[in-house]
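Data block below; observations after.
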Amino acid sequence: MWKSRSVAGISGKSQILFAMVFVTRYLDLFTSFISVYNTSMKLFFIVSSFLTVFLMYFKFKPTYDSNHDTFRILFLIAPVGGLAFLVNHEFSPMEILWTFSIYLESVAILPQLFMVSKTGEAETITSHYLFALGSYRCLYLFNWLYRYYFDGFFDLIAVVAGVVQTILYCDFFYLYITKVMRGKKISLPA
């Protein structure tokens, strides 16, 4: 963004959702200390997500395509909030907010995918960004297998949300591999 001085093709609504994910997930910054690295990474995720939102809506606003970024994020936030309230590990504010962040992260990419399908195609850099986000989530699958095999740990909420998110990326992954890898722009059906 900074180098190109443009946010064209990026959904500001997805970025707002990711900022919400990190704020609600990392509220434990105020209640427990794990390590300097852990605290630094949590702060980095929160600050960078808000910085991205600031750049999109203020610094590079003329390049932001609000006409195509029309997904109603309340249609994601409300059901995810209700689900987090009903299905969580422990009925406490911190646990409900952590669960909310897990559920919200699984669908936070929908405004971006909606925007790509509405415009009809994605620039190569946007495609790489989406592929990186999807790959990051796929790597979580390996993390869960590792933790189950070596630690006997299994978190059904995180696994189900991760599988949902990975499924949302599947169509995009197919298009990415078949088109971007050959130097073509991705065109999604509307």
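Please determine, in degrees from 0 to 90 and to the nearest 10, the orientation of helix 12-25 with respect to the longest principal axis defined by the Cα atoms of the chain, where the helix direction is its Cα long axis.
Roughly 10 degrees between the two axes.
Which GluC sites (Glu not before Pro) in region 98-166 pass both tests, a DSSP loop state and at most 12 other beta-carbon atoms within 10 Å?
Hits after loop and neighbour filter: nothing returned.
Mind giving me the FRET efficiency for F153 and V36? R0 is 22 Å, r the Cβ-Cβ distance, nearest 0.05 is fine.
0.35
Give me a comma-separated list of calculated 3J(HN,Hα) values for region 159-165, in order, Karplus coefficients 6.51, -1.76, 1.60 applied at θ = phi - 60°, integers in Hz, x for any Gly or Pro.
5, 4, 4, x, 5, 4, 5
Taking only Cα atoms and a 10 Å spring cutoff, compute GNM fluctuations for the chain and point out the largest among T126, T39, T70.
Among T126, T39, T70, the largest GNM mean-square fluctuation belongs to T39.
Could you give the size of the charge dipole of the chain about its Cα centre, using +1 on the Cβ of each K and R and -1 on the Cβ of each D and E, expressed in debye and rounded to the nearest 20?
Here the chain has a charge dipole of around 780 debye.
Kindly report the accessible area of region 12-187 per residue (heavy atoms of protein chains, probe 1.4 Å, no ligands, DNA or RNA), in Å².
57
Taking the highest mean first, how do the peptides 26-37, 163-174, 133-144, 107-118 order by number of other beta carbon atoms within 10 angstrom per residue?
Ranked by mean Cβ neighbours within 10 Å, highest first: 107-118, 163-174, 133-144, 26-37.
With axes computed from alpha carbons, what is the tilt in degrees of helix 110-119 against the longest principal axis of the chain, rounded to the nearest 10 within 0 to 90?
Tilt of helix 110-119: around 10 degrees.
To the nearest 10 degrees, how steep is helix 93-107 against the longest Cα principal axis of the chain, on a 0 to 90 scale?
Result, in degrees: 30.
If I compute solvent accessible area with a 1.4 Å probe over the protein chains, what percent of it on region 12-187 is carbon and sulfur?
Carbon plus sulfur share of accessible area: 71 percent.
Which number gives the lysine pairs in region 12-187 that have C-alpha atoms under 20 Å apart and are eight or more places apart or on different chains?
For region 12-187, the number of qualifying lysine pairs is 7.
The values are calculated or read from the model by the stated rules, or taken from the named source; none is laboratory data. Small disclaimer: the values here were computed from a predicted structure and weren't measured. Note: ideal-geometry Cβ built from the backbone for every residue, glycine included; neighbour counts use all protein chains shown. SASA here: full protein model, heavy atoms, side chains in, ligands and nucleic acids out. Shrake-Rupley method; radii C 1.70, N 1.55, O 1.52, S 1.80 Å.
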